[in-house]
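Quick notes on the structure that follows.
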Amino acid sequence: MHSGFRAAACILGGLFVATMVAGDSISERAKKLHFSAIVVDTHDDTTQRMLDEKFDLALRHSDGSIDIPRMKAGGLNAVFFSIWMSGKITGPEAVNRAETQIRAVREQVRRNAKDLVLATTASEVRAAKRDGKIAVLMGVEGGHMINSNLDVLRSFAQAGVRYMTLTHSLNVEWADSSTDKTAHNGLSDFGKEVVREMNRLGVIVDISHVSDKTFYDALEVSKVPLLASHSSCRAICDAPRNMTDQMMKDLAAKGGVVQINYHVGFLSQEFRDAEKKDPKINEDIALQVRQRCGVDGNEACQLLEGDKITRELVAQGKLPRVDYAKIIEHIDHAVTVAGIDHVGLGSDFDGANMPYGMEDVSMLPKISESLLRQGYSEGDVRKILGENTLRVMSQVERESRELRSRK
Ligand SMILES: [Zn+2]
């Protein structure tokens, strides 16, 4: 989930020219590589659509970015569906809503058992690939959903949740967000306890959205590598929830992985600058979303319509067009800074505004094609597509077993 249409001061990125791939020009080599690799996406907001009981992942939809036919077409093998709600929702209501979303994801897997399987470990993801199924995983996007109660965290882990983003756009009672005022100077003592318990439970600590100080506190406390489930490079686009080069280096030094987010407002400085220059644009989008979805419109409607309206504004020339080559630029920058073992994919599909040429998951092979054209080896492309993420999962699982056996 991106953090709304927020503007920020920007610094232009370096010189980079990525090759654009026309839709039908994926080479045989790229196809072979892509469809034999394990492709993992660590952040998709499709869960909001699943709250509508009539929504069926098995059908090919003309809107949104994710469904089973398009996941198959794009060679996606594992997807983390996000359990998300605004940080304004707190207390027992947040816990209840999170449980409802977890049930909705599990229900989609149950209904589509021919194609989907719930996975909680790296080896289950590999087994799903062997069985020709898509592995479905879950991540909780925001620590507010545990209501400051470790038992709730334990129950989420029990239900299959395998990462938790410490905060969303607002601070939680024990951690600061990158898009809120400093309140805890990073992680509070209880926040550190949350991280330690996540290590014990085998729930990956996700540092997307958190403040820089929260990131460094989590990096210090966690015994295992961290994941940024959907974050891009601040050196290219100065969004506060993107990672600085130094943060990516420090994340990598402890084995972690940054999963590049495809949201145009996190990819493109030009896009952020255009939003900032004309604050009316965002007010306009919000107004139109209210008109289309109602004042209390559901999140799925707001997300899909927000994306459509943004595209209309691009078509009218009011916002710049961002192409998917920008995703490759961020991947390439992150690899240069953090190393080839520390970069992956965290699209934010169905929760953000996608660049042209990456409107939905079926277009993922273009990433493999582009990386090969950039000169990446096949082994390196496999790492970015999923192997790096699977390595972090395995490390987190091993440490969890170790910590539990000590008690
Ligand atoms: Zn998000």
Query raised in the report: Glu299 accessible area, nearest 10 Å², 1.4 Å probe?
Result: 60 Å²
Query - the chain: C-alpha gyration tensor shape, a/c 1.5 cut-off, then a/b vs b/c - result: rounded
Query raised in the report: With respect to the cross-link table entries Lys133/Lys383; Lys31/Lys114; Lys254/Lys308; Lys223/Lys383, which display a Cα-Cα separation exceeding 32 Å?
Result: Lys254/Lys308
Report task. Counting helices only, and only those DSSP H runs with n ≥ 4, report the 222 nm mean residue ellipticity of the chain as the sum of -39,500 (n - 2.57) divided by its residues, in deg cm²/dmol to the nearest 500. Result -> -13000 deg cm²/dmol
Query raised in the report: Hey, which aspartates and glutamates would be in cross-link range of Lys366, C-alpha to C-alpha under 13 Å, not counting anything within fewer than 8 residues on its own chain?
Result: Asp24, Glu28, Asp323
**Report entry** Fraction of accessible area attributable to carbon and sulfur, the range 180-308 (%, probe 1.4 Å)
**Finding:** 48 percent
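Rolling a 1.4 angstrom probe over the protein heavy atoms, how many square angstrom per residue are accessible across the range 61-188?
Details: 4790 Å² over 128 residues.
Accessible surface, normalised per residue, equals 37 Å².
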Report summary line: Here D for the range 161-292, in µm²/s, from Stokes-Einstein with a Kirkwood Rh over Cα pairs at 25 °C and 0.890 mPa s, works out to 158 µm²/s
Query raised in the report: In what sequence, highest mean first, do 48-57, 388-397 appear when ranked by Cβ atoms within 10 angstrom?
Result: 388-397, 48-57
Report task. Express the accessible area of the range 265-407 per residue in Å², computed with a 1.4 Å probe while the remaining protein chains stay in the model. Result -> 41 Å²
Query raised in the report: Karplus couplings for the range 241-253 from phi (6.51 cos²θ - 1.76 cosθ + 1.60, θ = phi - 60°), rounded to Hz, Gly and Pro as x?
Result: 9, 7, 9, 6, 4, 5, 4, 5, 5, 5, 4, 5, 4
Query raised in the report: Separation between the Lys249 and Lys31 pseudo-spin-labels, each 7 Å from Cα along Cα→Cβ, expressed in nm?
Result: 4.3 nm
Query raised in the report: What shape does the range 351-401 have by the C-alpha gyration tensor, where a ≥ b ≥ c are the square roots of the eigenvalues, rounded means a/c under 1.5, and otherwise prolate means a/b greater than b/c and oblate the rest?
Result: oblate
Query - Among Ala37, Ala157, Ala58, residue whose mean-square fluctuation peaks in a GNM of the chain (springs only between Cα atoms under 10 Å) - result: Ala58
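The values are calculated or read from the model by the stated rules, or taken from the named source; none is laboratory data. Since this is a predicted model, take the numbers as computed values, not measurements. In this analysis, Cβ positions are derived from the backbone assuming ideal geometry, glycine residues included, and neighbour counts consider all displayed protein chains. Accessible surface areas use protein heavy atoms only, side chains included; no ligands, DNA or RNA. Shrake-Rupley method; radii C 1.70, N 1.55, O 1.52, S 1.80 Å.
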